[in-house]
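For reference, the structure discussed in these notes is given below.
Throughout, read-outs are computed from the coordinates displayed, never taken from laboratory work. Here the structure is a predicted model, which means the values were calculated and not measured. Neighbour counts are summed over all protein chains in view; Cβ atoms, including those assigned to glycine, are modelled from backbone coordinates with ideal geometry.
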Amino acid sequence: MLKIENLTAEIDGKQILNGLSLEVAAGEVHAIMGPNGAGKSTLSYVLGGRPGYEVTGGSVEFRGQNLLDMEPHERAAAGLFLGFQYPVEIPGVSNVQFLREALNAQRKERGEEPLTGGEFLKLAKEKAGLLKLDMEMLKRNVNVGFSGGEKKRAEMVQMGILDPAFAVLDETDSGLDIDALRVVGEGINAIMRDENKGVLLITHYQRLLDVVQPDKVSILSRGRIVKTGGPELALRLENEGYDAVMGEPA
């Protein structure tokens, strides 16, 4: 579903990704872990098409298409979703307005009819229920006055409404307490655990992986994947640390 080969990228002239290769199959949750500054967020931004991040080499194939040739809105319409570590606030725009416009823009790009107001509200209520988010929250301005947990739940509601084929989730567990973590994790499972979907889950900690159990775990260090294994690799990182695990001979 997602195939990255020898990807190099830089920002402000500083190279961050150094020949990164990774493949995520349909039906798979692939967790990416690594020390601070390893390039995890840069990878997510490059996949999402964030301005300022320049790809200097390599390729990214998404569902048989060249992802790097697409504009950000085209990537979204093709089924790619990017979840941010720090969701932004948008004063003056309600969640309901924002989400309906986003969904119908993607539907238009795919040649589909827009949802009516009633159809959209029914969908939004269903997805908000998965994340235990009151519909009144969706009437408020996007993320304005929301707690960290509320922002992440609202973002997962957005993911549920857009129904992407592939989600890149950048430290979705950041700022969540234990209860919010479980709700968000279970929401990811309900929305994205499907044989036709895929998830690239970037995290520092095992606690999210206790809920969203990955099929594979890779360690990203200095802009490259240095080790890949099963869920047990994340447990080892939790118990032994990066230096011990990465210091082993290949």
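The table below gives the values:
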{"read-out": "Residues being closer than 23 Å to K3 by Cβ and in contact with a Leu (Cβ under 9 Å, 6 or more places away or on another chain) - total across segment 193-208", "value": "6"}
{"read-out": "Top-ranked residue of segment 147-159 - restricted to ones that are under 29 Å from P114 (Cβ atoms) and of a type outside the set (A, V, I, L, M, F, W, C), ranked as surrounded by the fewest Cβ atoms within 10 Å (Cβ to Cβ)", "value": "E150"}
{"read-out": "Residue within segment 186-203 that is farther than 14 Å from M33 by Cβ, in a strand (DSSP E or B) and not β-branched (V, I, T) present", "value": "yes"}
{"read-out": "Which numbered condition L162 misses (of (1) under 19 Å from G39 (Cβ atoms); (2) touching a residue at least 40 places away in the same chain (Cβ under 8 Å); (3) surrounded by fewer than 23 Cβ atoms within 10 Å (Cβ to Cβ))", "value": "(1)"}
{"read-out": "Pair list, Cβ under 6 Å, 6 or more apart: segment 203-230 residue in contact (Cβ under 8 Å) with a residue 40 or more places away in the chain and farther than 17 Å from T8 by Cβ, other residue assigned to a helix (DSSP H, G or I) and among the β-branched types (V, I, T)", "value": "V212/I188"}
{"read-out": "Residues (without any contact (Cβ under 8 Å) to a residue 40 or more places away in the chain and under 16 Å from R75 (Cα atoms)) located in segment 98-111", "value": "N104, A105, R107, K108, E109, R110, G111"}
{"read-out": "The one condition in (1) of a type in the set (D, E); (2) under 18 Å from the mean Cα position of the chain (by Cα); (3) over 19 Å from I188 (Cβ atoms) that E101 fails to fulfil", "value": "(2)"}
{"read-out": "Number of the condition not met by S174 [criteria: (1) in a loop (DSSP other than H, G, I, E, B); (2) under 24 Å from E101 (Cα atoms); (3) among the small types (G, A, S); (4) under 13 Å from the mean Cα position of the chain (by Cα)]", "value": "(2)"}
{"read-out": "Any hit, segment 37-59, residues being without any contact (Cβ under 8 Å) to a residue 24 or more places away in the chain and surrounded by fewer than 14 Cβ atoms within 10 Å (Cβ to Cβ)", "value": "yes"}
{"read-out": "Some residue of segment 99-121 being of a type outside the set (K, R) and under 23 Å from P214 (Cα atoms)", "value": "no"}
{"read-out": "Scope segment 101-133; condition more than 13 Å from D163 (Cα to Cα), of a type in the set (D, E) and in a helix (DSSP H, G or I); matching residues", "value": "E101, E109, E119"}
{"read-out": "When residues of segment 183-212 are limited to those that are among the aliphatic types (A, V, I, L, M) and over 23 Å from S41 (Cβ atoms), the one surrounded by the fewest Cβ atoms within 10 Å (Cβ to Cβ)", "value": "A190"}
{"read-out": "Number of positions in segment 12-36 that are part of a strand (DSSP E or B) and either in contact with a Cys (Cβ under 9 Å, 6 or more places away or on another chain) or touching a residue at least 60 places away in the same chain (Cβ under 8 Å) (or both)", "value": "14"}
{"read-out": "Qualifying residue in segment 168-182 (condition: surrounded by fewer than 23 Cβ atoms within 10 Å (Cβ to Cβ) and on the phi > 0 side of the Ramachandran plot)", "value": "yes"}
{"read-out": "Pick from segment 128-146, criterion within 25 Å of R50 (Cβ to Cβ) and of a type outside the set (A, V, I, L, M, F, W, C), ranking: surrounded by the most Cβ atoms within 10 Å (Cβ to Cβ)", "value": "N143"}
